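S.K.: Mind looking over this structure? Questions follow.
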């Protein structure tokens, strides 16, 4: 007796690929991409093909997100050590054979020119989450010391390049994992207190410390200049302080409701430097004002909150630590970029997710969002 089986439809065959996606996360990311594209159309319409290129970058990031979301967290965990090893090896090779541009050795030619420090933005939280997963249930002080070594070694190489912005991002991503793993506040509070004292002393004695010829042995000369310029941008208004001054003017001139779409004078008269990349937030603020800034901040807060919800509901320690670090990394990016543009932090070259132009930054964003989506999908499978 023959039995007839109905041939499954195309949708029935591909439906499992789309099951488990976190709808709130997709909605938030889509709205943020829309804000970014609207802003890029305005600030980049007289700057070549930036709008078209950024649209392509976002589609590429979406493809990366979709692919990474199909990889279970257990498979991501197996990639942690190899990715960290490759990244660290490339950082060492960059220090020895790297390409130097404008006094910084950040790039390496491996057939194509790459920036190895970008790998560490993803490899660091993966590796530390893998380490604490292995030590689950038997964590000791020594385990946190090993984690600190895993974190500080690549950070030291990135600082040596020098690249303070990327080093800050890699360091913060690692510190979030270590904190969520259970680092005691007895160790955190003294470090925060020492940092607060150090910043206070720099502000109090900035007049003497920022004098020409005075060296800061813990920072490079250009990093010292950035700090001093932050404290008093008017000391060199047409040079080192120009970026900060123009950013603050643009943000302030936007007022409550902004000057209107494509009506930003600071932007379109080209007073704002790097208006499509690092200082895209200044251009956005000028045209959309405080109301637009609040909308953007609500978007980032919603993204961070959703990421932390995914972390709280994750089925394994590895997934919880990774999702928590990725979610809080969005806070680091947003806080540092908005802070440097508005004059409360030094200019360190950190892009604003979804808003700043950049192919590498968008691909990294797609990877991060894909890992969050993978963890969200694994939570759904565990519940079923």
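S.K.: Could you say which residue among 283, 250, 314 is assigned to a loop (DSSP other than H, G, I, E, B), crowded, with 19+ Cβ neighbours inside 10 Å and in contact with a helix residue (DSSP H, G or I) (Cβ under 6 Å, 6 or more places away or on another chain)? It would help to see each step written out before you state the result.
M.R.: Values: 283 fails: assigned to a loop (DSSP other than H, G, I, E, B); 250 fails: assigned to a loop (DSSP other than H, G, I, E, B).
Of the residues listed, the single one that is assigned to a loop (DSSP other than H, G, I, E, B), crowded, with 19+ Cβ neighbours inside 10 Å and in contact with a helix residue (DSSP H, G or I) (Cβ under 6 Å, 6 or more places away or on another chain) is 314.
S.K.: Given the criteria part of a helix (DSSP H, G or I) and at pLDDT 95 or above, does residue 14 qualify? Before the answer, list the steps.
M.R.: On the way: part of a helix (DSSP H, G or I): yes; at pLDDT 95 or above: no.
Considered against the rule, which asks whether it is part of a helix (DSSP H, G or I) and at pLDDT 95 or above, residue 14 comes out as no.
S.K.: If you go through the stretch 158-179 one residue at a time, do you hit one that is at pLDDT 75 or above and exposed (fewer than 10 other Cβ atoms within 10 Å of the Cβ)? Before you say what the answer is, go through the steps one by one.
M.R.: Of all residues in the stretch 158-179, those at pLDDT 75 or above come to 158-179.
Going one step further and asking which of them are exposed (fewer than 10 other Cβ atoms within 10 Å of the Cβ), we end up with none.
Scanning the stretch 158-179 turns up no residue that is at pLDDT 75 or above and exposed (fewer than 10 other Cβ atoms within 10 Å of the Cβ).
S.K.: I've got another one for you. So residue 65 ticks every box in (1) under 18 Å from the mean Cα position of the chain (by Cα); (2) outside any helix (DSSP H, G or I) but one. Which box is left unticked?
M.R.: (2)
S.K.: If I ask for residues that are assigned to a helix (DSSP H, G or I) and in contact (Cβ under 8 Å) with a residue 40 or more places away in the chain, which ones from the stretch 253-280 would you list? So that I can check it myself, show each step before the final result.
M.R.: Pass one, the stretch 253-280, residues assigned to a helix (DSSP H, G or I): 253, 265-268, 280.
267, 268, 280, listed by residue number.
This table checks each residue for (1) part of a helix (DSSP H, G or I); (2) over 30 Å from residue 147 (Cβ atoms).
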position: 289; (1), (2): yes, yes
position: 298; (1), (2): yes, yes
position: 330; (1), (2): yes, no
position: 343; (1), (2): no, yes
position: 346; (1), (2): no, no
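S.K.: Moving to a separate point now. Please give the number of the condition residue 142 fails out of (1) closer than 27 Å to residue 311 by Cα; (2) surrounded by 14 or more Cβ atoms within 10 Å (Cβ to Cβ); (3) without any contact (Cβ under 8 Å) to a residue 60 or more places away in the chain.
M.R.: (2)
S.K.: Being more than 14 Å from the chain's Cα centre (by Cα) and surrounded by 24 or more Cβ atoms within 10 Å (Cβ to Cβ) narrows it down to one residue among 378, 342, 319; which is it?
M.R.: Details: 378 fails: surrounded by 24 or more Cβ atoms within 10 Å (Cβ to Cβ); 342 fails: surrounded by 24 or more Cβ atoms within 10 Å (Cβ to Cβ).
Just one listed residue meets the conditions, 319.
S.K.: I've got another one for you. Scan the stretch 62-74 and give yes if some residue there is more than 28 Å from residue 324 (Cα to Cα), touching a helix residue (DSSP H, G or I) at 6+ places or on another chain (Cβ under 6 Å), modelled with pLDDT under 95 and surrounded by 15 or more Cβ atoms within 10 Å (Cβ to Cβ), otherwise no. Spell out how you get there, then give the answer.
M.R.: Within the stretch 62-74, the first condition is being more than 28 Å from residue 324 (Cα to Cα), and the residues that meet it are none.
No, because not a single residue in the stretch 62-74 is more than 28 Å from residue 324 (Cα to Cα), touching a helix residue (DSSP H, G or I) at 6+ places or on another chain (Cβ under 6 Å), modelled with pLDDT under 95 and surrounded by 15 or more Cβ atoms within 10 Å (Cβ to Cβ).
S.K.: While we're here: Restricting attention to the stretch 356-371, does a residue exist that is in contact (Cβ under 8 Å) with a residue 12 or more places away in the chain, buried (at least 23 other Cβ atoms within 10 Å of the Cβ) and in a loop (DSSP other than H, G, I, E, B)?
M.R.: There is at least one residue in the stretch 356-371 that is in contact (Cβ under 8 Å) with a residue 12 or more places away in the chain, buried (at least 23 other Cβ atoms within 10 Å of the Cβ) and in a loop (DSSP other than H, G, I, E, B).
S.K.: Further, regarding this structure: Looking only at the stretch 234-247, count how many residues are more than 17 Å from residue 210 (Cβ to Cβ) and not in a helix (DSSP H, G or I).
M.R.: Looking only at that region, the number is 1.
S.K.: For residues that are under 18 Å from the mean Cα position of the chain (by Cα) and assigned to a helix (DSSP H, G or I), tally how many sit in the stretch 86-128.
M.R.: Residues in the stretch 86-128 being under 18 Å from the mean Cα position of the chain (by Cα) and assigned to a helix (DSSP H, G or I): 13 in total.
The values are calculated or read from the model by the stated rules, or taken from the named source; none is laboratory data. Just so you know, these numbers come straight off a predicted model, no measurement behind them. All Cβ positions, glycine included, derive from the backbone under ideal geometry; neighbour counts span all protein chains shown.
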